[in-house]
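Rule-based calculations on the coordinates, nothing more; no lab input. For clarity, every value in this text was computed on a predicted model and none was experimentally measured. We place every Cβ from the backbone using ideal geometry, glycine too, and count neighbours over all the protein chains shown.
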Amino acid sequence: MLKDKVLVEDPSGKELYESGWYGDLKDNKVELALVEAALLSERGKVEVVLDGAKLPFKDFFAKCAEQDPRFTARYTVYKDLRDRGLPVRVGFQGSDFRVYERGAKPEKAENIKWIVFASAEDYECALEQLGKAIKLAKNIRALALWAVVDNDNDVTYYIISSVSP
């Protein structure tokens, strides 16, 4: 486990990348973002090892949540999107996730369908942050979704297309 990544060095990493588009493939090794590693750990697809000791899912999740105060909301949204069968990649430029059309594969990734911003329901968001999300989405011809996780871990998605002060 690296600071914000989990490295899969055996052949199963390449299989995870090719079959489910998890992580980034580099020199036959796969670097997983923490949300990806947590989901795969929960599903029993990877074992996370830190300092020579295997971390059960709950302990790994707790470490991630300590490191990233938004981890629980981000993980809940990521898991929800994956459970819906969507090809999800870690986001960029302030977004949490990129979602592609169903059936997208690493070698045939078409345009991004949605960029997703995850937050807990008690998260205070400035209009400026929403404006940046909308601008990013328009620049890449995608829709901006704000995913709000409530206290029951249910996710509600809102399309954001404009803001007015």
Quiz item: Which residues' amide hydrogens lie under 5 Å from the amide hydrogen of V48, considering only partners 5 or more residues apart or on another chain, with H built in the peptide plane?
Solution: L55
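What size of dipole, in debye to the nearest 20, comes out for the chain about its Cα centre when the only charges are +1 on Lys and Arg C-beta atoms and -1 on Asp and Glu C-beta atoms?
Roughly 620 debye, rounded to the nearest 20.
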Self-check item: Separation of the Q129 and Y157 label points, Cα + 7 Å toward Cβ, nm
Solution: 2.0 nm
Exercise. With label points built 7 Å along Cα→Cβ from the Cα atoms of E15 and D51, find their separation and express it in nm.
Key: 3.1 nm
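Provide the FRET efficiency to the nearest 0.05 for the K5-A62 pair, computing r from the beta carbons and using R0 = 30 Å.
0.95
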Exercise. Choose one of L50, W21, G85: the residue whose Cα lies farthest towards the positive end of the charge dipole of the stretch 15-85 (beta-carbon charges +1 Lys, Arg; -1 Asp, Glu; about the Cα centre).
Key: G85
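In the structure shown, do any of K45/K105; K79/K135; K5/K29; K79/K105 have a Cα-Cα gap over 21 Å, and if so which? Please list the in-between numbers first.
Details: K45/K105 19 Å; K79/K135 26 Å; K5/K29 12 Å; K79/K105 18 Å.
Violating the 21 Å limit, Cα to Cα: K79/K135.
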Exercise. Set Lys and Arg Cβ to +1 and Asp and Glu Cβ to -1, take the dipole of the stretch 102-148 about its Cα centre, and tell me which of Y123, I112, V148 lies farthest positive.
Key: I112
Quiz item: Considering only DSSP beta bridges whose two residues both sit in the chain, what percent are antiparallel, to the nearest 5?
Solution: 75 percent
Quiz item: So what J values fall out for the stretch 48-63 if you push phi through Karplus, 6.51 cos²θ - 1.76 cosθ + 1.60 with θ = phi - 60°, rounded to Hz, Gly and Pro as x?
Solution: 8, 10, 10, 6, x, 10, 6, 9, x, 3, 4, 5, 5, 4, 4, 4
